[in-house]
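Please read the structure below before turning to the comments.
The values are calculated or read from the model by the stated rules, or taken from the named source; none is laboratory data. Just so it is clear, the structure is predicted and the values come from calculations on it, not from any experiment. Reconstructed Cβ throughout: ideal geometry from the backbone, glycine too, with neighbour counts over all protein chains shown. Please note that ligands, DNA and RNA were not included when accessible areas were found on the heavy atoms of the full protein model with its side chains. Shrake-Rupley method; radii C 1.70, N 1.55, O 1.52, S 1.80 Å.
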Amino acid sequence: MAVAKGRDARFMRIAIKKTVEGIKDGQTPFGAAIVKDGKLICAAHNVVWDTMDITAHGEVNAIRIACRRLGTIDLSGCTIYSTCEPCPMCFSAIHWAKISRIVFGATIADAKSAGFRELEITNAQMKRMGKSKIKIKGGVLRSECLRLFALFRKHEGRKKLY
């Protein structure tokens, strides 16, 4: 697993903080932050229940916000910090937005173990199968990201998963 130091740890903690906000609002425990040139562009959490939009994952929401703020759909040079390894839908959106790097905490397997209906395909597998150039770094602040699942399970306002 990757050692969390410096910039990666700092921006992952922003994604974690945003995820905690989402959990408190009754959303699921997933969030993301997008950074370019060392500057935070945005942070977002999952709002699937709030919007009744199954595509409103933290990563997709962050991509939508970043595109609007930067005035482009080309997010080359950006890094996305995700509290959990992006699902196939989110990985595809990251690829199409040309985000250069993914940094994640918990894994797809961790999310599945926590009770989420994850497709069991890793970002590394998707990168290889799709011949993507995205750089991937996993395990950053993993234990802190895993605590988000426990916080979600304890939150009285949470929705039942499935």
Fill in the blank from the handout: When segment 92-110 is checked residue by residue, the ones that are touching a residue at least 40 places away in the same chain (Cβ under 8 Å) and either over 14 Å from the mean Cα position of the chain (by Cα) or assigned to a helix (DSSP H, G or I) (or both) are I94
Exercise for the section: Return the only residue of K24, K39 being over 20 Å from M126 (Cβ atoms), more than 16 Å from the chain's Cα centre (by Cα) and without any contact (Cβ under 8 Å) to a residue 24 or more places away in the chain. Expected result: K39
Fill in the blank from the handout: S132 fails exactly one of (1) within 17 Å of the chain's Cα centre (by Cα); (2) closer than 20 Å to V60 by Cβ, namely (1)
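So which residues in segment 3-13 are open to solvent by 30 Å² or more (accessible area, probe 1.4 Å) and of a type outside the set (D, E, K, R), if there are any at all? Before the answer, list the steps.
Taking segment 3-13 as the starting set, the residues that turn out to be open to solvent by 30 Å² or more (accessible area, probe 1.4 Å) are 3-7, 10, 13.
Within segment 3-13, V3, A4, G6 meet the criteria.
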Problem - Where A44 falls short, out of the listed (1) under 22 Å from C145 (Cα atoms); (2) in contact with a Lys or Arg (Cβ under 8 Å, 6 or more places away or on another chain); (3) assigned to a loop (DSSP other than H, G, I, E, B); (4) small (G, A, S) - result: (3)
Problem - Enumeration of residues in segment 113-137 that are closer than 19 Å to N46 by Cβ and at pLDDT 95 or above - result: N123
Fill in the blank from the handout: (1) buried (at least 16 other Cβ atoms within 10 Å of the Cβ); (2) assigned to a loop (DSSP other than H, G, I, E, B) all hold for K133 apart from (1)
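Please find, within segment 14-51, the residue that is nearest to I63 (Cα to Cα) out of those that are of a type in the set (K, R) and buried (at least 17 other Cβ atoms within 10 Å of the Cβ).
The first filter runs over segment 14-51 and keeps only residues of a type in the set (K, R), leaving 17-18, 24, 36, 39.
With buried (at least 17 other Cβ atoms within 10 Å of the Cβ) added as a condition, the list becomes 18, 36.
Numbers: K18: 15, K36: 12 Å.
Selected residue: K36.
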Practice task
Enumerate the pairs (first residue in segment 124-143 and at positive phi; second residue anywhere and open to solvent by less than 60 Å² (accessible area, probe 1.4 Å) and part of a loop (DSSP other than H, G, I, E, B)) with beta-carbon separation below 7 Å, excluding pairs fewer than 6 apart on the same chain, so at least 6 apart or on different chains.
Solution key: G139/A2; L141/A4
Handout entry: Subset tally (residues that are open to solvent by 50 Å² or more (accessible area, probe 1.4 Å) and of a type outside the set (S, T, Y)) for segment 98-129
Key = 12
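Do we have any residue at all in segment 68-78 that's in contact (Cβ under 8 Å) with a residue 40 or more places away in the chain, part of a strand (DSSP E or B) and under 24 Å from A9 (Cα atoms)?
Our first condition is that a residue be in contact (Cβ under 8 Å) with a residue 40 or more places away in the chain; within segment 68-78, this holds for 75, 77-78.
Checking the rest, the ones that are also part of a strand (DSSP E or B) come to 78.
Cutting the leftovers down to under 24 Å from A9 (Cα atoms) gives us 78.
So far as segment 68-78 goes, yes, one or more of its residues are in contact (Cβ under 8 Å) with a residue 40 or more places away in the chain, part of a strand (DSSP E or B) and under 24 Å from A9 (Cα atoms).
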Problem - Conditions (1) closer than 20 Å to R153 by Cα; (2) in contact with a Gly (Cβ under 6 Å, 6 or more places away or on another chain); number of the one not met by T28 - result: (2)
Problem - Hey, I54 touching a strand residue (DSSP E or B) at 6+ places or on another chain (Cβ under 7 Å) and either within 18 Å of G77 (Cβ to Cβ) or not in a helix (DSSP H, G or I) (or both) or not - result: no
